[in-house]
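Enquirer: So that we are looking at the same thing, I have put the structure below in structure tokens.
What follows is calculated from the coordinates using simple rules that are stated; it is not laboratory data. Since the model is a prediction, treat every value here as computed from it, not as a measurement. Cβ coordinates were reconstructed from backbone atoms using ideal geometry, including for glycine residues, and neighbour counts include every protein chain displayed.
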Amino acid sequence: MSDFINFFLSRSNQIGNLTLQHIELTIVAVIAAIVIGVPIGIIITRFRRLSKYIIGLANVVQAIPSLALMGFLIPLFGIGSTPAIVMVFLYSLLPIIKNTFTGITNIDSEILEAGRGMGMTNSQLLRLIELPLSLPVIMAGIRIAAVTAVGLMTIAAFIGAGGLGYMIFTGIQMYNTQMVLAGAIPAAILALIIDFIIEKIEIKVTPKGIRK
Amino acid sequence: MIEFKDVKKSYNDGKEIIKGINFTINSGELFVLIGPSGCGKTTTLKMINRLIEPTSGKILIDGKDITKGDPIELRRNIGYVIQQTGLFPNMTIGQNIEIVPYLKKWPQQKRRERTMELLRLVGMDPEEFINRYPNELSGGQKQRIGVIRALAANPDVILMDEPFSALDPITRNQLQDELFDLQQKLNKTIVFVTHDMDEALKLGDRICIMKDGNIIQLDTPEEILKNPAHGFVENFIGKNRIWSNPDYIKAEDIMINSPVKANPKRTVLQAIEIMKSNKVDSILVVDGNEKLLGIATSKDMSKKDGNKKLEEIMETNVITAYNDETISEILKIMDEKGIGLLPIINKEKRLVGLITKSSLITVFSKLYS
């Protein structure tokens with residue numbers, strides 16, 4: 001144990017840098033997934049027939065093993081951080097699209113009809129009712145996506161994107177358990193912290209009137 | 001004024017749910033649409049604010065075809081109340097009430113003032129409620145908010161789709177009373193959908209009974225109770241429903257229309273003959289203008305000289321009732337005065353009928369036939 005602490009302290013600078021890099025990669029990928037995924041989720045509530053195909057497609061992507069997916073991406077994006085970000089982005093899409101779609105479609109139809117009957121346009125309906133009421137569900141999707149993304153991003157080191165995965169893979173190759181742990185433990189803690197932060201945001205954005 | 005002109009609605013599968021209806025809703029009236037589920041009452045209501053578009057026919061509001069304008073603008077000028085779930089749970093009570101003024105871009109100051117005014121109108125303290133959320137309110141309070149939300153932008157027409165159906169009976173009664181009072185004050189044109197006949201009778205100026213996309217009967221509550229269209233309406237309102245609304249039963253509805261009468265110059269002997277041939281034991285004495293002068297019973301006549309005139313022996317101090325008095329008033333009079341005969345007169349004091357104990361029994365016995 002003390003060996004590990006010594007190792008950790010001696011490498012603290014490197015671990016710190018890798019952690020920052022890891023956070024950066026994850027955030028970029030998840031934010032991209034939010035920016036693309038939420039609008040897709042909204043659009044398929046308007047064109048219900050599309051929803052089956054889009055969600056099906058996202059499901060298929062989710063089912064591809066992560067290493068294989070990265071293999072597909074290398075010819076397109078080369079190596080480095082880009083294919084890693086794209087991979088995590090693709091994995092994050094499903095929970096975000098699905099939760100956005102479910103969140104909006106689960107709103108009581110009478111509430112929507114009240115809004116429409118009072119003269120709201122479609123965009124007012126979205127802004128004043130649909131988004132506020134589905135925000136907790138959308139945030140839950142983002143939370144799942146972000147936590148999964150932290151773990152997934154460790155694979156990024158495979159193709160030279162850096163991040164905490166670097167410690168893990170190097171450790172494995174060198175049979176150095178301490179090194180593996182020095183990558184895995186901060187990654188796990190990072191996942192927990194992100195989970196905690198997004199949970200707080202989730203509570204914050206839930207309209208007061210529908211908080212349990 | 002809202003006019004429906006040969007309005008039909010059918011769905012893509014060809015099923016016709018509104019089969020060409022024509023009617024007019026007058027300004028300032030509370031118009032009730034009622035019928036069993038699937039009769040088309042809600043569809044009819046939603047066609048007024050274009051949540052549902054008719055397949056053919058025309059709907060005019062104040063003479064203007066509603067399909068000619070923008071549906072969004074139309075809806076903002078028509079109040080809309082649905083069951084209590086229609087409040088937006090993410091908005092405060094204040095925001096809920098202000099929603100249509102907000103959509104109509106009223107300045108904030110004016111919106112707030114209007115909200116306060118409306119909350120006071122239904123006896124809810126603005127300070128206490130304006131910043132609360134719908135889930136903190138009781139069912140009755142929520143529905144009050146639903147009603148005043150529809151009034152916020154001061155529309156002339158308000159649509160109400162079974163607004164009180166989810167409430168418990170006591171709260172429902174209370175809100176019905178409040179709506180009635182509100183309507184007396186504000187005089188809006190209200191179109192009210194319900195499946196509850198008691199509610200319809202209590203609130204409606206006129207009631208439109210629908211079945212299978214057709215109008216079966218459209219009339220005042222009183223007419224519907226007295227002369228229900230044969231078959232469906234009778235069954236729908238319950239055959240003897242009128243007895244639970246005794247205020248609608250007037251003396252003229254239960255009286256004998258042609259009581260046995262005689263001129264005061266008739267002799268007792270003649271009067272006895274008239275009574276005999278009509279199988280009655282009393283006779284009403286009227287002058288040439290049908291004005292009631294007195295009443296003579298066989299008891300009065302039995303000991304009298306047969307040649308005396310009726311005017312000499314008749315009882316002149318007769319208790320009468322007007323033809324538009326209700327059955328409960330009639331029963332009260334007969335009970336308090338201990339009389340078995342009650343001549344009914346009209347405003348001009350002319351005799352129009354007679355209520356006797358036995359005629360009452362005949363009327364009541366119909367209840368159970």
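Enquirer: Given the stretch B:251-368 reduced to its alpha-carbon atoms as identical point scatterers, what log10 I(q)/I(0) does the Debye formula return at q = 0.16, 0.19 Å⁻¹?
Expert: -0.73, -1.00
Enquirer: Between B:Leu186 and B:Asn131, what FRET efficiency follows from the Cβ-Cβ distance if R0 is 45 Å, with the result rounded to 0.05? List each step's numbers first, then the result.
Expert: Details: r = 26 Å, r/R0 = 0.58.
Here the calculated transfer efficiency is 0.95.
Enquirer: Same structure, new question: Rule-of-thumb check for chain B: C-alpha Rg over 2.2 N^0.38 Å? Provide the component values of the computation, followed by the final result.
Expert: On the way: Rg = 28.1 Å, N = 369, 2.2 N^0.38 = 20.8 Å.
The reported ratio for this selection is 1.35.
Enquirer: So for the stretch B:200-331: antiparallel DSSP bridges make up what percent, rounded to the nearest 5?
Expert: On the way: 13 of 15 bridges.
Counting only bridges with both partners in the stretch B:200-331, antiparallel ones make up about 85 percent.
Enquirer: Ok, one more. Using the reciprocal of the averaged 1/r over all distinct C-alpha pairs, how large is the Kirkwood radius of the stretch A:11-62 in Å?
Expert: Working: mean 1/r = 0.0756 Å⁻¹.
Averaging 1/r across every pair of different Cα atoms and inverting gives 13.2 Å.
Enquirer: Shifting gears a bit: Kirkwood-based Rg over Rh for the stretch A:11-205 (C-alpha set), two decimals? Mind showing how you got there, number by number?
Expert: Numbers: Rg = 19.2 Å, Rh = 18.0 Å.
Radius of gyration relative to Kirkwood radius: 1.07.
Enquirer: For the stretch A:118-210, what does the equivalent ellipsoid look like in terms of its semi-axes, each the square root of 5 times an eigenvalue of the Cα gyration tensor, given largest first in whole Å?
Expert: Working: eigenvalues 337, 38, 8 Å².
So the equivalent ellipsoid measures 41, 14, 6 Å along its semi-axes.
Enquirer: What translational diffusion coefficient, to the nearest whole µm²/s, does the protein assembly as shown have by Stokes-Einstein, given a Kirkwood radius computed over alpha-carbon pairs, a temperature of 25 °C and 0.890 mPa s viscosity? Write down the numbers at each step before the final one.
Expert: On the way: Rh = 30.7 Å.
Answer, rounded: 80 µm²/s.
Enquirer: How large are Rg and Dmax for the stretch B:86-220 when calculated on the C-alpha trace, in angstrom?
Expert: 15.8, 48
Enquirer: Follow-up. Only Cα pairs within less than 10 Å get springs; with that Gaussian network setup on chain B, which residue of B:Lys68, B:Lys105, B:Lys303 has the largest fluctuation?
Expert: Taking springs between Cα atoms under 10 Å, the residue moving most is B:Lys303.
Enquirer: Given a Förster distance of 25 angstrom, what is the FRET efficiency for A:Ala63 paired with A:Glu24, based on the Cβ-Cβ distance and rounded to 0.05?
Expert: 0.35
Enquirer: May I ask for the angle, rounded to the nearest 10°, between helix B:357-367 and the longest principal axis of chain B, with both axes built from Cα atoms and the value confined to 0 to 90°?
Expert: The helix B:357-367 is inclined about 40 degrees to chain B.
Enquirer: While we're here: Residue farthest toward the positive end of the dipole of the protein assembly as shown, with Cβ of Lys/Arg at +1 and Asp/Glu at -1: which of B:Gln109, B:Thr297, A:Gly56?
Expert: Selected residue: A:Gly56.
Enquirer: Shifting gears a bit: What residue among B:Leu167, B:Leu342, B:Leu269 shows peak mean-square fluctuation when chain B is described by a Gaussian network model with Cα springs under 10 Å?
Expert: Greatest mean-square fluctuation among the candidates belongs to B:Leu269.
Enquirer: Sticking with this structure for a sec: Tell me, in nm to one decimal, what length is gained between B:Glu117 and B:Lys226 on full extension, where the rule is 0.36 nm per residue of separation less the Cα-Cα distance?
Expert: Working: separation 109, 0.36 × 109 = 39.24 nm, distance 4.12 nm.
Length difference between fully extended and current span is 35.1 nm.
Enquirer: Right, another one. How much of the DSSP bridge set in chain B is antiparallel, in percent, rounded to the nearest 5?
Expert: Values: 34 of 56 bridges.
Beta bridges within chain B, antiparallel portion: roughly 60 percent.
Enquirer: Here is a further query. Label-point separation (nm) for B:Lys304 and A:Gln173, each offset 7 Å from Cα along Cα-to-Cβ?
Expert: 13.4
Enquirer: Just tell me which aspartates and glutamates come within less than 15 Å, Cα to Cα, of B:Lys299; anything on the same chain fewer than 8 places away is out.
Expert: Answer for B:Lys299, where 15 Å is the Cα cut-off: B:Glu273, B:Asp281, B:Glu312, B:Glu315, listed by chain and number.
Enquirer: Okay, next question. May I ask for the net charge around B:Asp324, where only other residues with Cβ less than 12 Å from the Cβ of B:Asp324 are counted and Lys, Arg are +1 while Asp, Glu are -1?
Expert: -4
Enquirer: Treat each spin label as a single point 7 Å out from the Cα along the C-beta direction, and report the A:Asn122 to B:Lys265 distance in nm.
Expert: Those two pseudo-labels are separated by 8.9 nm.
Enquirer: May I pose another question? Between B:Asp177 and A:Met1, what is the FRET efficiency for a Förster distance of 56 Å, r being their Cβ-Cβ separation, to the nearest 0.05? The partial results should precede the final answer.
Expert: Working: r = 77 Å, r/R0 = 1.37.
Given R0 = 56 Å and the Cβ-Cβ separation, E is 0.15.
Enquirer: Would you list, by chain and number, the lysines whose Cα falls below 25 Å from the Cα of B:Lys188, excluding same-chain residues fewer than 8 positions away?
Expert: Reachable lysines: B:Lys5, B:Lys41, B:Lys46, B:Lys58, B:Lys64, B:Lys68, B:Lys104, B:Lys105, B:Lys110, B:Lys142, B:Lys202.
Enquirer: Between helix A:177-205 and chain A, what is the angle of the helix's C-alpha long axis to the longest principal axis, kept within 0 to 90° and rounded to the nearest 10?
Expert: 20
Enquirer: Now for a separate question. I want to verify a result. In a Gaussian network model of chain B, Cα cutoff 10 Å, which of these has the top mean-square fluctuation: B:Lys185, B:Lys299, B:Lys19?
Expert: Taking springs between Cα atoms under 10 Å, the residue moving most is B:Lys299.
Enquirer: Further question: Could you order peptides A:128-134, B:271-277 by the average number of other Cβ atoms within 10 Å of their residues, highest first? Mind showing how you got there, number by number?
Expert: Values: A:128-134: 21.1, B:271-277: 15.7.
Going by the mean number of other Cβ atoms within 10 Å, highest first, we get A:128-134, B:271-277.
Enquirer: Could you state the angle between the C-alpha long axis of helix A:66-77 and the longest principal axis of the C-alpha atoms of chain A, as a value from 0 to 90 degrees rounded to the nearest 10?
Expert: So the inclination is approximately 90 degrees.
Enquirer: Please enumerate, by chain and number, the aspartates and glutamates with C-alpha under 18 Å from the C-alpha of A:Lys204, excluding those fewer than 8 residues away in the same chain.
Expert: A:Glu130, A:Asp195
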